[in-house]
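Below you'll find the structure, written out as structure tokens, and then a few comments.
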Amino acid sequence: MKGLVEPHGGKLVDRRLDGEDREQALEEVQNLKRLFPGVDILMDAEKIAIGAFSPLEGFMTHRELKEVLETMHLPTGWVWTLPVIFQVDDDTAIPIKEGERVGLWYDEHTPIAILEVEEKYRLDKVWVAEKTFGTVDEAHPGVAKVLQGGDWALAGKIDLIHPVPHPWRDFEFTPQETREIFQKRGWTTVVAFQTRNAPHRAHEYLQRVALEIADGLFVQPILGSKKPGDFDNETIINAYKALIQNYFPENRVFLGGLSTPMRYAGPKEAVFHAIVRKNYGASHFMVGRDHAGVGNYYDPFAAQQIFEEFEDHEIGVQIIKFGYVFYCHACGGLASDKTCGHTDEQRLKISMTKVREMLKRGETPPPEMVRPEVAEVLKEFFHRQVTG
């Protein structure tokens, strides 16, 4: 029987500690220098350790960073498009010696991991931002995060002691766990759908197409930090639960989150998202318009075009590209430019921006744009925004 796709790099990284090793690490971390890097860095440390970012085993060295930013490959030759670095300020970096082990803590009571500092190096933050995002405009949330971060980076392997606490743990799984779930369900072809949004009907259309060509659909929303104005995790998860329970065969759709921050790096983040979902067991990855984009920094189809720069075997998953999806009154249903021959006047544009504007005005979006059950979840979000 055909198995699931291999992880990126050929094997899943697993740097989780258990048993006696974990007990020893819990004792050791009490005597190490303590760093409190914030949830985003801790989430990335966890993703490294559980294999979500395979083949990475730690935060990037300067050589790895340089190769990734200049060639979109790691020094080993594997495709990788985004920095995974641990920025720190002078006060943190200067006292730390290379070869030293330091503890990464969530709070005073919760050690998350031990970092063995292989290297510390100064960052050219403007270079990192420009190479990553194609701009140094601080209005771009990813650029702002890099430029406002520390001037140093700490590199080295991660040993995970404890998962990062967050309220959506029941919806988060390791790559090993999702692979076991897919195998138990008899899936060998799995389409992954990346999202930082609640679902509207155009998303649903794409997901239904995915179910026509694969054994299962893996919906994996981002649970890490997002830009102001994005829906919160509660809304995204509850909206997808409402959609799946009411409109999809549940045994063919699996919902599981990914606790890592959005980078808003457009095309480069699309490749990153594809590789990460490959590690979770996906054989296919969907890329729509303006994937991981923000504002007008990227061409709407740049995230699809970037995959043409790589050989198919380099990514290792099949990329499914979609254009603009809308509701056509003449067709009487959802369609795309490839399936509808009618004019723009007969097409209802579907976008979450438009849905938000309607909900803010107290209007209910029509069912052609958002399922009623999903609309009710979105109304609750805006109600919470008003009532605090």
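The values are calculated or read from the model by the stated rules, or taken from the named source; none is laboratory data. What you are looking at is a predicted structure, and each value in this text was computed from that prediction instead of being measured. So basically every Cβ, Gly included, is an ideal-geometry build from the backbone, and we count neighbours across all protein chains shown. Note: areas computed on protein heavy atoms with side chains; ligands, DNA, RNA excluded. Shrake-Rupley method; radii C 1.70, N 1.55, O 1.52, S 1.80 Å.
Considering Ala265, Ala302, Ala282, Ala270, the condition of being surrounded by fewer than 20 Cβ atoms within 10 Å (Cβ to Cβ) and either of a type in the set (A, V, I, L, M) or without any contact (Cβ under 8 Å) to a residue 12 or more places away in the chain (or both) is satisfied by Ala302 alone. The set of residues from the range 306-327 being in a loop (DSSP other than H, G, I, E, B), within 20 Å of Glu204 (Cβ to Cβ) and β-branched (Val, Ile, Thr) is empty. From the set of residues in the range 262-279 that are touching a Ser or Thr at 6+ places or on another chain (Cβ under 6 Å) and of a type outside the set (A, V, I, L, M), which is nearest to Lys11 (Cα to Cα)? By that ranking, first place goes to Asn279.
Quick test of your reading of the structure: Glu172 fulfils all but one of (1) touching a residue at least 40 places away in the same chain (Cβ under 8 Å); (2) open to solvent by 30 Å² or more (accessible area, probe 1.4 Å). Name the failing condition by number. Here Glu172 clears every test but (2). Determine, yes or no, whether Arg371 is open to solvent by 30 Å² or more (accessible area, probe 1.4 Å) and out of contact with any strand residue (DSSP E or B) (no Cβ under 6 Å at 6 or more places or on another chain). Answer is yes for this residue. Exactly one residue out of Lys120, Lys184 is farther than 25 Å from Gly266 by Cα, surrounded by 17 or more Cβ atoms within 10 Å (Cβ to Cβ) and without any contact (Cβ under 8 Å) to a residue 40 or more places away in the chain, and it is Lys120.
Say whether the condition of being open to solvent by 60 Å² or more (accessible area, probe 1.4 Å), closer than 18 Å to Gly103 by Cα and more than 22 Å from the chain's Cα centre (by Cα) is met by at least one residue in the range 46-58. Within the range 46-58 (the criterion being open to solvent by 60 Å² or more (accessible area, probe 1.4 Å), closer than 18 Å to Gly103 by Cα and more than 22 Å from the chain's Cα centre (by Cα)), the answer is no, since none of the residues qualifies. For the range 213-236, the candidate set comprises residues that are free of Cβ contacts under 8 Å to residues at least 40 places away in the same chain and open to solvent by less than 30 Å² (accessible area, probe 1.4 Å); within that set, the residue that is farthest from Pro165 (Cα to Cα) is Gly216. Within the range 351-368, being in contact with a strand residue (DSSP E or B) (Cβ under 7 Å, 6 or more places away or on another chain) and either in a helix (DSSP H, G or I) or open to solvent by 70 Å² or more (accessible area, probe 1.4 Å) (or both) holds for no residue.
If only residues of the range 238-249 that are buried (at least 21 other Cβ atoms within 10 Å of the Cβ) and hydrophobic (A, V, I, L, M, F, W, C) are counted, the one that is farthest from the chain's Cα centre (by Cα) is Leu243. Taking the residues in the range 349-361 that are charged (D, E, K, R) and within 28 Å of the chain's Cα centre (by Cα) as candidates, determine which candidate is nearest to Phe231 (Cα to Cα). Per the stated criteria, the residue is Arg356. Just one residue in the set Val79, Val88, Val84, Val102 is surrounded by 17 or more Cβ atoms within 10 Å (Cβ to Cβ), of a type in the set (Val, Ile, Thr), closer than 26 Å to His313 by Cβ and in contact with a Leu (Cβ under 8 Å, 6 or more places away or on another chain); that residue is Val84. In summary, Glu67 fulfils each of the numbered conditions (1) under 19 Å from Ala155 (Cβ atoms); (2) in contact with a Ser or Thr (Cβ under 8 Å, 6 or more places away or on another chain) with the single exception of condition (2). Candidates in the range 305-323 are the residues that are within 20 Å of Asn197 (Cα to Cα) and at pLDDT 90 or above; of these, the one that is surrounded by the fewest Cβ atoms within 10 Å (Cβ to Cβ) is Lys321. The set of residues in the range 219-246 that are in contact with a helix residue (DSSP H, G or I) (Cβ under 7 Å, 6 or more places away or on another chain) and aromatic (Phe, Trp, Tyr) contains only Phe231. Of the residues making up the range 325-348, just one is open to solvent by 80 Å² or more (accessible area, probe 1.4 Å), under 21 Å from Pro199 (Cα atoms) and over 30 Å from the mean Cα position of the chain (by Cα), namely His329.
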